[in-house]
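Take a look at the structure below.
The values are calculated or read from the model by the stated rules, or taken from the named source; none is laboratory data. Since the model is a prediction, treat every value here as computed from it, not as a measurement. All Cβ positions, even for glycine, are placed from backbone atoms using ideal geometry, and neighbour counts span all protein chains on display.
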């Protein structure tokens, strides 16, 4: 699938530009798909290097914590591989 604007929500944005913004992105796409360079190109004007992304995969379900690794002058966005946040529900 492709990036969907309806899945992105700002958690915290940097008004002064000196701190990273934080976003949560909800999608049925796998982390491997979302992590592909270019997935977020349509919002390259919004994202900055260092911005934090929480990617929630509704299919697995799983949550990955990652960040924007690169935004090129051509508008290509690349995010880091990220770390899967896991939890155990013992009840």
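So the values come out like this:
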item: So residue 68, is it in a strand (DSSP E or B) and either more than 13 Å from the chain's Cα centre (by Cα) or exposed (fewer than 15 other Cβ atoms within 10 Å of the Cβ) (or both); result: no
item: Residue check, residue 19 touching a strand residue (DSSP E or B) at 6+ places or on another chain (Cβ under 9 Å) and more than 17 Å from residue 62 (Cα to Cα); result: yes
item: Matching residues, segment 35-64, being assigned to a loop (DSSP other than H, G, I, E, B) and in contact with a strand residue (DSSP E or B) (Cβ under 8 Å, 6 or more places away or on another chain); result: 35, 37, 38, 39, 40, 44, 47, 48, 49, 50, 51, 58
item: Answer from 7, 45, 38, 82 - the residue that is out of contact with any helix residue (DSSP H, G or I) (no Cβ under 8 Å at 6 or more places or on another chain) and at positive phi; result: 38
item: Looking only at segment 14-34, and only at residues there that are at pLDDT 90 or above and assigned to a loop (DSSP other than H, G, I, E, B), the one that is farthest from residue 82 (Cα to Cα); result: 19
item: Scan of segment 1-15 for residues that are surrounded by 13 or more Cβ atoms within 10 Å (Cβ to Cβ) and in contact (Cβ under 8 Å) with a residue 40 or more places away in the chain, ordered by number; result: 3
item: Condition check for residue 74: more than 19 Å from residue 5 (Cα to Cα) and out of contact with any strand residue (DSSP E or B) (no Cβ under 9 Å at 6 or more places or on another chain); result: yes
item: Test: residue 22 is more than 13 Å from the chain's Cα centre (by Cα) and either buried (at least 17 other Cβ atoms within 10 Å of the Cβ) or in contact (Cβ under 8 Å) with a residue 24 or more places away in the chain (or both); result: no
item: Hits in segment 81-90 (condition: touching a residue at least 24 places away in the same chain (Cβ under 8 Å) and in a loop (DSSP other than H, G, I, E, B)); result: 81, 82, 86
item: Residue under evaluation residue 75, criteria (1) part of a loop (DSSP other than H, G, I, E, B); (2) at pLDDT below 95, criterion not met; result: (2)
